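Structure, as structure tokens:
What follows draws every value from the coordinates through simple rules; no lab data is involved. Every value quoted in this text rests on a predicted model; they were computed, and no experiment measured them. Cβ sites come from the backbone with ideal geometry, for glycine too, and all protein chains shown count toward neighbours.
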Amino acid sequence: MTRDNRQQEITDQIAYLTFWLKSLEIPKTTPVTLIGFSQGVATAARWSAHGAEIDTLIFASGQLPPEWATSPPNLSDRLKIIHVIRPTNDEYYTQDAFKVDINLLNPFGLDLNLHEPEGTHTLNAALLNKILN
């Protein structure tokens, strides 16, 4: 994403993702999990903030977008669980940023699960398997 037309690009991303999810024709009774990694956390958060029909969010090694601090998101009633993953030696997602994100997420009253596995700025397959199963 570039700085030029940034808001329009964000709007287009949300519209595309919403269209894509609807095109899958997933039954409402089927649980949907959304995973955002690194910069993808902001995309996942923005989409969920516009009422994406998902049940579980996994934010891995990335910060929530800055607008979450000033504009409360419109989360779907389906959303019940949020996992936030910050590996202990993540060189990009700092401990301070992790704490800020937790403070932003706590007021939503959702099942918030924090994970701090050993590792660096990578997806931990074993942890994801554990969360998803």
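Some notes on this structure:
- Residues 85, 10 arranged by fewest to most Cβ contacts within 10 Å: 10, 85
- Within the chain, the longest run free of GluC sites (Glu not before Pro) that sit in a DSSP loop with at most 11 other Cβ atoms within 10 Å is 26-90.
- Extension gain (nm, one decimal) between residue 70 and residue 126, 0.36 nm per residue minus Cα-Cα: 16.7 nm
- Calculated FRET value between residue 33 and residue 112, using beta carbons and R₀ = 22 Å, to 0.05: 0.90
- Lys/Arg +1, Asp/Glu -1 at C-beta; the chain dipole; positive extreme among 29, 105, 48: 29
- Cross-link partners of residue 99 among lysines (Cα-Cα below 29 Å; sequence separation of 8 or more within a chain): 80, 130
- For the chain, size of Cβ-based charge dipole, Lys and Arg +1, Asp and Glu -1, in debye: 220
- Within the chain, helices built from complete DSSP H runs that reach 24 Å or longer along their own axis (Cα positions) and carry a mean Kyte-Doolittle hydropathy of -1.0 or higher are 6-23.
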